[in-house]
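Trainee: Encoded as structure tokens, here's the structure I'll be asking about.
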Amino acid sequence: MGADHGDSRAFFVARRGVVVRTLRALLLRVSGLFAHERRDRELTDELDTHLQMHIDDKLRSGMTADQARRDALLKLGGVELTMERYRDRRGIPMFEAAMQDLRYAARMMRKAPGFTSVAVLTLALGIGATTAIFSVVDTVVLQPLTYRDAKQLFVVHEVIPTLSHLGPYTPVNALHFREWRKATRSFQQMSLLGIVNVNLTGTGEPERLQAARVSSNLFAMLGVQPQLGRAFIEEEDQPGRDRVVILNDALWRRRFAADPQVIGRTITLDGEAYEVIGVLLPGFRFQKLSHLYEISVADEQPQLWKPFAANAQELNPLGAFNFACIGRLKAEVSPEQALIDLNTVQFKQRSRDRCQPRLNFAPCSCRCKTRSPAVRDAACSSYWAPCASCY
Amino acid sequence: MATKQDVWQGTLALMILKTLETLGPQHGYGIARRIEQTSGNLLLVNYGTLYPALLKLEQEGYIASAWGVSDNNRRAKYYRLTRAGKKQIERGAKEWEQTTEILARFLSPGEASS
């Protein structure tokens with residue numbers, strides 16, 4: 001307190017030295033856990049010498065041998081006590097005691113295998129159950145997705161009976177999605193999402209990242225605002241105008257040093273230039289992708305977001321069935337009504353498609369197979385509204 | 001006659017280091033005697049305190065030890081000061097001076113009233 005400021009640096013250097021010393025001592029104490037006997041012998045020798053020297057001195061000052069010995073033992077304290085204290089300093093007493101207890105426990109357990117196996121099983125089941133419950137509670141309660149009115153959000157799948165051997169639902173076709181969005185009246189908004197991998201090059205090491213192509217309204221639909229910059233606008237959802245990208249907070253921190261100037265910068269993805277227009281909030285977490293896709297794809301969170309900008313190849317009833325569709329229901333519409341609405345649109349579309357004979361790639365009876373109307377998905381507080389479609 | 005005092009652990013370490021600095025390499029008995037003498041026989045160093053303290057200093061690297069032979073031909077373990085030990089003396093002495101100085105201020109009657 002009274003020390004002048006010039007001392008403070010020296011003080012820190014000194015502290016560091018002390019820490020190093022303490023660590024060194026700790027290491028030596030760990031090594032002190034071994035080779036007990038040799039070390040004990042050395043100490044006995046040393047104490048013995050000490051005792052003898054003391055006696056020699058007393059003898060010189062005129063005591064008798066007996067007196068000298070008695071005096072020495074009285075003055076120096078018990079050898080056993082010293083050994084005990086020395087051992088405590090040499091090793092780590094708590095650790096040694098714990099090891100002893102462990103060995104004892106192991107012996108006892110070997111003696112009673114029946115009891116041991118019951119105890120182990122009970123523990124295993126208990127731990128397993130707790131873990132399972134925690135992982136549910138964690139996703140539902142502790143880390144709920146922070147979307148506005150998450151209960152109104154639904155995932156739409158397609159059902160193709162002839163492909164049912166691949167799974168009950170199929171990911172969504174971009175053309176179907178466009179029709180749904182245009183013609184259904186049950187949803188406030190609908191959004192399409194596809195997962196792509198991109199190579200980020202140009203800034204530091206090249207890196208392969210998981211990215212999502214999303215309809216321009218996705219973030220608005222989820223009720224999520226970027227922390228920097230802006231979300232996509234509608235015209236960016238067209239091929240050619242879609243060279244814009246939004247970063248996840250983690251990626252922004254990791255690759256761009258959390259630089260706010262990143263907005264407006266151009267980055268290279270798969271050799272093409274993209275303009276960074278936004279950075280998402282740190283708390284933003286997206287739905288587990290395997291919850292959106294029936295055919296589970298990578299489970300990581302997308303780190304980059306770009307506009308969907310469906311191309312002509314994708315906007316084709318025979319195009320890829322490879323996308324996830326999320327919709328926000330209107331408040332007054334029930335999931336069952338929405339399903340009927342979707343299927344009505346889907347059927348109209350199908351009959352229109354039928355005018356094009358080449359579309360009958362799955363010559364099945366056109367019975368519409370509706371699944372149970374809605375299954376509550378506990379993990380995300382949304383419903384999976386399967387949309388029946390037939391070919 | 002004043003009763004003999006046991007030594008505090010913290011100060012004992014400094015006393016040991018200082019003793020080794022003065023005497024050069026020394027065995028445990030020599031260190032104990034020297035400390036007792038220097039204190040005017042007010043301190044009593046029994047080996048229950050001395051040897052654990054020596055071990056601690058050795059573990060911390062302030063002293064090093066080796067077996068040797070004493071003047072009257074006894075095998076004894078000799079302790080010597082290391083470079084880190086020398087620095088530690090300076091540091092310890094400074095800290096100690098500061099502590100006593102602070103305490104002295106509290107104990108001196110003039111300061112206590114102001």
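The values are calculated or read from the model by the stated rules, or taken from the named source; none is laboratory data. Treat the numbers as computed from the prediction; the structure is a model and nothing was measured. Note: ideal-geometry Cβ built from the backbone for every residue, glycine included; neighbour counts use all protein chains shown.
Listed here are the residues, each with its yes/no results for (1) without any contact (Cβ under 8 Å) to a residue 60 or more places away in the chain; (2) on the phi > 0 side of the Ramachandran plot; (3) within 22 Å of the chain's Cα centre (by Cα).
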residue: A:Trp180; (1), (2), (3): no, no, no
residue: A:Ser186; (1), (2), (3): no, no, no
residue: A:Ile195; (1), (2), (3): no, no, yes
residue: A:Arg208; (1), (2), (3): yes, no, yes
residue: A:Gly229; (1), (2), (3): yes, yes, no
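Trainee: Right, here's the next one. Among the residues that make up segment A:80-95, is at least one of them exposed (fewer than 13 other Cβ atoms within 10 Å of the Cβ) and farther than 23 Å from A:Leu26 by Cα?
Mentor: Going through segment A:80-95, the residues exposed (fewer than 13 other Cβ atoms within 10 Å of the Cβ) turn out to be A:80-81, A:94-95.
Still in the running and farther than 23 Å from A:Leu26 by Cα: A:80.
Within segment A:80-95, one or more residues are exposed (fewer than 13 other Cβ atoms within 10 Å of the Cβ) and farther than 23 Å from A:Leu26 by Cα.
Trainee: State all residues of segment A:36-45 that are surrounded by fewer than 16 Cβ atoms within 10 Å (Cβ to Cβ) and either more than 9 Å from chain B (Cβ to nearest Cβ) or not in a helix (DSSP H, G or I) (or both); if no residue qualifies, say none. Before the answer, list the steps.
Mentor: At the first step, the residues of segment A:36-45 found to be surrounded by fewer than 16 Cβ atoms within 10 Å (Cβ to Cβ) are A:36-38, A:40-42, A:44-45.
Once the filter is applied, which keeps residues that are surrounded by fewer than 16 Cβ atoms within 10 Å (Cβ to Cβ) and either more than 9 Å from chain B (Cβ to nearest Cβ) or not in a helix (DSSP H, G or I) (or both), segment A:36-45 yields A:His36, A:Glu37, A:Arg38, A:Asp40, A:Arg41, A:Thr44.
Trainee: Right, here's the next one. Kindly check whether there is at least one residue in segment B:29-50 that is at the interface with chain A (Cβ under 8 Å from one of its Cβ atoms), part of a strand (DSSP E or B) and under 21 Å from A:Met83 (Cβ atoms).
Mentor: no
Trainee: Kindly list, by first and then second residue, each pair from a residue in segment B:32-45 that is over 19 Å from A:Leu51 (Cβ atoms) to a residue that is charged (D, E, K, R), limited to pairs with Cβ atoms under 8 Å and residues at least 6 apart or on different chains.
Mentor: Between residues of segment B:32-45 that are over 19 Å from A:Leu51 (Cβ atoms) and residues that are charged (D, E, K, R), the close pairs are B:Asn41/B:Lys4; B:Leu42/B:Lys4; B:Leu43/B:Lys4; B:Leu43/B:Asp6; B:Leu43/B:Glu36.
Trainee: Within the set of pairs 6 or more residues apart or between chains, which connect a residue that is under 30 Å from A:Arg87 (Cα atoms) inside segment A:97-121 to a residue that is assigned to a helix (DSSP H, G or I) and modelled with pLDDT of 90 or more with Cβ atoms less than 7 Å apart?
Mentor: Filtered contacts from segment A:97-121: A:Met109/A:Thr116.
Trainee: Restricting segment B:72-83 to residues that are in a loop (DSSP other than H, G, I, E, B) and farther than 13 Å from B:Leu20 by Cβ, which is farthest from the other protein chains (Cβ to nearest Cβ)?
Mentor: Start the filter on segment B:72-83 by keeping residues that are in a loop (DSSP other than H, G, I, E, B), which leaves B:72-74, B:82.
Subset that is farther than 13 Å from B:Leu20 by Cβ: B:72-74.
Values: B:Asn72: 7, B:Asn73: 11, B:Arg74: 5 Å.
The extreme case among them is B:Asn73.
Trainee: Among the residues of segment A:46-89, write down those that are touching a Phe, Trp or Tyr at 6+ places or on another chain (Cβ under 9 Å), facing another protein chain (nearest Cβ under 7 Å) and part of a helix (DSSP H, G or I).
Mentor: Answer for segment A:46-89, where residues must be touching a Phe, Trp or Tyr at 6+ places or on another chain (Cβ under 9 Å), facing another protein chain (nearest Cβ under 7 Å) and part of a helix (DSSP H, G or I): A:Glu46, A:Leu47, A:Thr49, A:His50, A:Gln52, A:Met53, A:His54, A:Leu76, A:Thr82, A:Arg85, A:Tyr86, A:Arg89.
Trainee: For segment B:84-100, state whether one or more residues are under 14 Å from the mean Cα position of the chain (by Cα), more than 12 Å from chain A (Cβ to nearest Cβ) and without any contact (Cβ under 8 Å) to a residue 60 or more places away in the chain.
Mentor: Within segment B:84-100, none of the residues are under 14 Å from the mean Cα position of the chain (by Cα), more than 12 Å from chain A (Cβ to nearest Cβ) and without any contact (Cβ under 8 Å) to a residue 60 or more places away in the chain.
Trainee: Here's something else I'd like to know. Would you be able to say whether some residue in segment B:59-71 is within 11 Å of another protein chain (Cβ to nearest Cβ), in contact (Cβ under 8 Å) with a residue 24 or more places away in the chain, aliphatic (A, V, I, L, M) and more than 24 Å from A:Leu27 (Cβ to Cβ)?
Mentor: no
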